[in-house]
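S.K.: Submitted below is the structure of interest, expressed as C-alpha cells.
The values are calculated or read from the model by the stated rules, or taken from the named source; none is laboratory data. This is a predicted model, so every value here is computed, not measured. Note that we place each Cβ from the backbone using ideal geometry, even for glycine, and neighbour counts take in every protein chain shown. Only protein heavy atoms, including side chains, enter the accessible area calculation; ligands, DNA and RNA are left aside. Shrake-Rupley method; radii C 1.70, N 1.55, O 1.52, S 1.80 Å.
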Amino acid sequence: MNLGGVVAAAPPVDLIPDGYLSDKADERSVTSERTTEELRDEMEAEPVSQVEHEETANFPMFEQEYREESYQFRRDTSPLRQTMLMQPTPYLEPRAVAQPSTQAAAPEAATLQARLFQQPGLNQSLLRQSNSDISSFAVDAVSGEQANGLVSTDLGSLLRKSSSATSVEVQRRTPIVNDPRVRGSRIGSLASSGSYWVPARADLDTAVSKIDSRLVSESIIIPGPYSSLYGPGFQFVDFELLKSPRSEFGNEWHGRSSFDHNSNGNQYLGQQSLWGGGEDWGIRASYSHRTGDNYRTGAGNKVPSGYESREFAVALGRDLGDGRSLEFSLLRLDQTDVEFPGYVFDIDFLVTDAYGITYIDEHAALADRTETELWYNRTVFEGDAQNPAKRNQFPLLNIVNYQGVTDVDSMSTGYRRAMSWGQSSNYQLTIGHDLRFVKQELNEIADVRTIGIPAIQLNDRNSPIPRSFAVNPGLFTEYREDLNNFTFRTGGRLDFVQTDIVDDPNKLTEVGLAQDAASYNEIVGTDQSQTDRLLGSIYAGIDQHYGESLVSTVSVGFAERAPTLTELYAAQPFLLILQNGLNSVTGDPLLKTEKLIQSDITLDYNGDVFRGGVRGFYGWAMDYITLENTEVRRATPTGPVQQVSLRYVNTALATLAGGEAFAELFPKSTLTPFMTLRGVDGRDRTRNGDFATTEGAAGNASDKVAGQQRGFFSGILGAAAEPLPGISPFEIRTGVRLRDPARQPQWNMELAARIVDNQDRVATSLLESTTPGFTVWDIRGMYQPRDVQGLTLVAGLENFTDKAYREHLDFRSPNGLQVLQPGINAYVGVDWTY
C-alpha cells in the first residue's frame, strides 16, 4: 500500500539497459542479490495501472528505480525475511555484530528496511553506538528477528531458545514467564534495560517477562561489570523495542499479521501490527493475544500452566530537523489466570503500564550529540494459593488449611541524560547523569491453622514486603579510542543509593504466621530501615585485531551493588527462590553492599571455513548476598522437610568462574555444523561465616549469634565452603543447519541437541538437590514461497524424543515431589508482511 509519494509504472523491459538493474541492486542492499533477469521477470509479472503509467511514462529510469525500491521495501520489511538473509541462520548468531565496512555507501544504500528496523538515529543504547565497531565476543547480541522462527513468548523465552545468548541461563517458570540468569546471577538481582525494569515479586515476575519478544529490536547481554550506562550492577540485559519507522519515498503504510500454535498446552498466538510514516515521522502499533492450557510432560503427566495474555504497544516518532528527534513509546500488558507450576501462588490478574520518551540532538551546542531518556513503568497484580490442581505439590498447605492471597505494586521511574563527543572520529567520550527511583509493596495475607495441640486458627496474617523505595542518582562516563589495531574502552560510575520503608507502621505490628504474631522489627531483628550507600564502579577493556579475522579482548572491572528491596525488607513471604519449594524469606536491612572484581578474556575468529570464539572469566565477590537456612519445618517431628525458612545474608567471599564458547564449520555453506557451550562454577568460600541467625518471634527478636556457624539453628550444617545455590550445570548445544543454496533462499532447517550435564555442585546447607543430566532434541524449519510476497511459514518439533526431564532450577521438594518440563511439542507459525 502506498499513500503519497511518487507512484511509478514500469517501462517496457526492452528499454532497460543491460546491467542497470543489477548495478542498482548492488548499491541498495547487500541483502538483495537479484539478477537482472529476475528483476525483469518480477516487473513483467506485476500489473500496472494506466494512471500510474501515464504519470511516469517520460521517466523510465526513475520509474524503474522507484519500482525496485518499492519491491525491496515490501520484501525487506518482514523480520523473518531479514532473519533468513541477514544472518547465517535465525537460530545461531552467538557473537556481536562484526565491524562494519568503512567504505562510503551510496545514498541509495540506506534502504527502507534499515530505516524501519535498525533506526540508528533513534537508537537509545549508547552502548551500541560506542561499541558499534567492536567485533569481539565480549558481549552477546540477540536479534529480535529470531523470535518468530523460534516461536518465543517473552524476552526471557527468546534468550532461552536463542544460541546467541551464550552467557544466559533461563529459568522457565511458565510458558510466558522466564527468568534470565547471567552467569549464575541471583534470582531477582538483575535489572533490565536502561529504563530499569525490575521484578515486582521475585518468584512470580521477572525483569523481562512483561516484554513480548516480537516487539524487541535487539537485546544485548553484558556478562560483567563492563558498562557504566545502566546503573550500579554486575551484569546487564539491555533490550530495545521496535521504534517508529521512516520512509524516504513519501508516506508508506504497511501491516503484519502473525499466528502461532504450540500443540503441547494448546497454546495460541495472534498478533497484528500496523506501521507507517514519512521522511520525518513514523508510527507503529501492535496488539498480541496469547492463550494456553496445561502442558504434558515426557512422563505423560499434565502440569497446570494455563494463561491468557494481551499486550498492546505503540511507538511514535518525529524528526524535528537539524539532527533532532523525539520518540514516544507506550506498552500495556494484561494477563489473567496465569498458573505457576511448583509455586504457591498463581496470578489472577497482572497489569503493566510503561511509558518512555527519548529526545536526541545530534548537533547539540555543548556536545556532538545529546540524548535524554525518561521512563515510567508500573506493574500491579493479585494472586492466590487456592488452585486445587496443584496443591498436592505442597502437602503442608492442606495440612494447615492454608488459604492465601497476594497483591503486589511495583513502580520504576527515572531519567538518563548523556552527552558524547567524537562519534564520527576514532574516539568517543560520553558523560552524563541519571536517576532511578523504585517503589515496591507486597502483601501476602493468609488464613492458616497451626500445627500442634491444640490447633489454633490464624486469620488475616500478613507476611509482607512493606511499601518501600530506593532512590539512586548517579554520574557516569565512558571513553573509547581506536589505536592502530587496538581499541581501548573504559568507564566508571559514582552513585548514591538511599532506601527506606514508607508503609503504615500500624500494618507492621502483627506479621508472620507464628502462633503469636510478631512485630516487623522482631522478624527482621532491627528497628533500622533507612540505608544510605555511596557506590562506585570502574572498568577497562582492550580489543586487539590480528588482521581481519582474529580479535582478542581483555576486560577488567570493579562494581558495587546495593541490595534489592526484597533482600532488605522481606518479612517471611512465601517466595520460592530455591528449587526445594516452600521457602519463607526474610530480609535484613543491615545487609552490606556487594562488591565484585571480574576479569574476562576472549578470543574470536571469523573466517570462511571456521567461525568461533571462546570466553573465560573469573570473579571475586566480596560481601556477596546469599541465603542462610534458619529453620526447617516438618508435618511430624520425624517426617520429611515440608518448609524451609531462609534469610538473606552476606558472605565475606564468593567466587564465580567459567566461560562460554561457540564454533561453526563452513558458516557460508549449505550444510553447517555448529556448537555452543557454557558453564559456571559458583563457590561460597566463607560459608561458615561469623554468626548464625535465629528466627524472629513475638517477644524474641531475630538475633545474630556470634561464634556459631551460619545455619546452626536449622540443624543442617554445611562445609566451610560449598557451592552457591541456583547455579545451572554445564551444557552444550550442538547440531547442524541446512539451508537453501539459492541466492534468494526460500527455506532453512536446523537439527540441534541440547546436552545438559548432571549438577552435583549444590548448596547442601540450603537443602538444594542434585540433578541428573539429560539431552533434548529439536528440529526447526522455515519456508518463504516465492509466489506469495511477504509470507513466511515456520514449523518444528521441540523435544521430539519426548524426554521426561527437569532443569536444575525447577521445583522439587525434599519429599520427592517435582515439576517436569514439557514433553514433545509440535509448533507451526504463519507471518505475513504486506
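S.K.: Label-point separation (nm) for His433 and Val609, each offset 7 Å from Cα along Cα-to-Cβ?
M.R.: In this crude spin-label approximation the distance works out to 5.7 nm.
S.K.: Say a paramagnetic label sat at a point 7 Å from the Cα of Ala721, along Cα to Cβ; which residues of segment 596-628 have their backbone N under 19 Å from it?
M.R.: 596-599, 617-627
S.K.: Next question, about the same structure. Could you tell me which of rounded, prolate or oblate describes segment 553-593, using a ≥ b ≥ c as the square roots of the eigenvalues of the alpha-carbon gyration tensor, with rounded for a/c under 1.5 and, failing that, prolate when a/b is larger than b/c and oblate otherwise?
M.R.: Since a/c reaches 1.5 but b/c is at least a/b, the shape of segment 553-593 is classed as oblate.
S.K.: Which of the lysines could a cross-linker span from Lys390 if the Cα-Cα distance has to be under 23 Å and same-chain partners fewer than 8 positions apart are dropped?
M.R.: Lys302, Lys803
S.K.: Ok, one more. Provide the gained length on full extension for the span Leu550 to Val351, in nm with one decimal, where the gain is 0.36 nm per separating residue minus the Cα-Cα distance.
M.R.: 66.9 nm
S.K.: Evaluate E = 1/(1 + (r/R0)^6) for Tyr359 and Asp460, where r is the Cβ-Cβ distance and R0 equals 41 Å; express this FRET efficiency to the nearest 0.05.
M.R.: 0.25
S.K.: Still on this model: Divide the volume of the convex hull of the Cα atoms of segment 565-622 by its number of residues and quote the answer in cubic angstrom per residue.
M.R.: 152
S.K.: Using a Förster radius of 45 Å, what is the FRET efficiency between Lys507 and Ile779 based on their Cβ-Cβ separation? Nearest 0.05, please.
M.R.: After rounding, the FRET efficiency stands at 0.25.
S.K.: Shifting gears a bit: Please identify every one of the chymotrypsin sites (Phe, Trp or Tyr not before Pro) in segment 300-393 that sits in a loop by DSSP and has no more than 13 other beta carbons within 10 Å of its own beta carbon.
M.R.: none
S.K.: So, with a 1.4 angstrom probe, what is the percent of accessible area on segment 448-565 that is carbon and sulfur?
M.R.: 54
S.K.: Here is a follow-up. Using a 7 Å offset from Cα along Cα-Cβ at Asp681, what residues in segment 746-764 end up with backbone N under 19 Å from the label point?
M.R.: Of the residues in segment 746-764, 756-764 have backbone N under 19 Å from the label point off Asp681.
S.K.: How large is the accessible surface per residue of segment 279-334, computed with a 1.4 Å probe and reported in Å² as a whole number?
M.R.: Roughly 44 Å² per residue, with all protein chains present.
S.K.: Hey, what did segment 481-585 get for relative contact order, percent, Cα under 8 Å, at least 6 apart?
M.R.: It rounds to 27 percent for segment 481-585.
S.K.: Local charge sum around Asp504 (other residues, Cβ-Cβ under 13 Å, Lys/Arg +1, Asp/Glu -1)?
M.R.: -1
S.K.: Might you report the magnitude of the Cβ-based charge dipole of segment 618-774 about its Cα centre, with Lys and Arg at +1 and Asp and Glu at -1, to the nearest 20 debye?
M.R.: Here segment 618-774 has a charge dipole of around 420 debye.
S.K.: List the lysines whose Cα sits under 28 Å from the Cα of Lys592, skipping any in the same chain fewer than 8 residues away.
M.R.: Lys439, Lys507, Lys704
S.K.: Placing +1 at every Lys and Arg Cβ and -1 at every Asp and Glu Cβ, with all other atoms neutral, what dipole size does segment 726-784 have around its Cα centre, in debye to the nearest 20?
M.R.: About 360 debye.
S.K.: What is the extension gain from Leu483 to Ser257, computed as 0.36 nm multiplied by their sequence separation minus the C-alpha to C-alpha distance, in nm to one decimal?
M.R.: 76.6 nm
S.K.: Let me ask something else. Applying 1/(1 + (r/R0)^6) with R0 = 35 Å to the Cβ-Cβ distance of Tyr834 and Lys302, what FRET efficiency is obtained, to the nearest 0.05?
M.R.: Efficiency at R0 = 35 Å is approximately 0.35.
S.K.: Express the carbon and sulfur contribution to the solvent-accessible surface of segment 302-395 as a percent, rounded to the nearest whole number, probe 1.4 angstrom.
M.R.: 57
S.K.: Mind checking the per residue accessible area of segment 500-616 for me, 1.4 Å probe, whole number of Å²?
M.R.: 37
S.K.: Where only protein heavy atoms count, and the probe is 1.4 Å, what is the accessible area per residue for segment 369-476 in Å²?
M.R.: 40
S.K.: Hey, another quick one. For Arg743 and Ala706, compute 0.36 nm times the residue count separating them, minus their Cα-Cα distance, and round to one decimal in nm.
M.R.: 6.2 nm
S.K.: Take Asp787 and Lys668, extend 7 Å from each Cα along the Cα→Cβ direction, and tell me the distance between the two endpoints in nm.
M.R.: With each label point 7 Å from Cα toward Cβ, the separation is 3.4 nm.
S.K.: A further question on this structure: Distances longer than 23 Å among the Cα atoms of segment 206-336: what percent of all pairs is that?
M.R.: The share of Cα pairs beyond 23 Å in segment 206-336 comes to 51 percent.
S.K.: Right, next: How many nm separate the modelled label positions at Val405 and Ile451, each set 7 Å beyond the Cα in the direction of the Cβ?
M.R.: About 2.7 nm, to one decimal.
S.K.: Taking all protein chains in place and a 1.4 Å probe, what share, in percent, of the accessible surface of segment 663-805 do carbon and sulfur account for?
M.R.: 59
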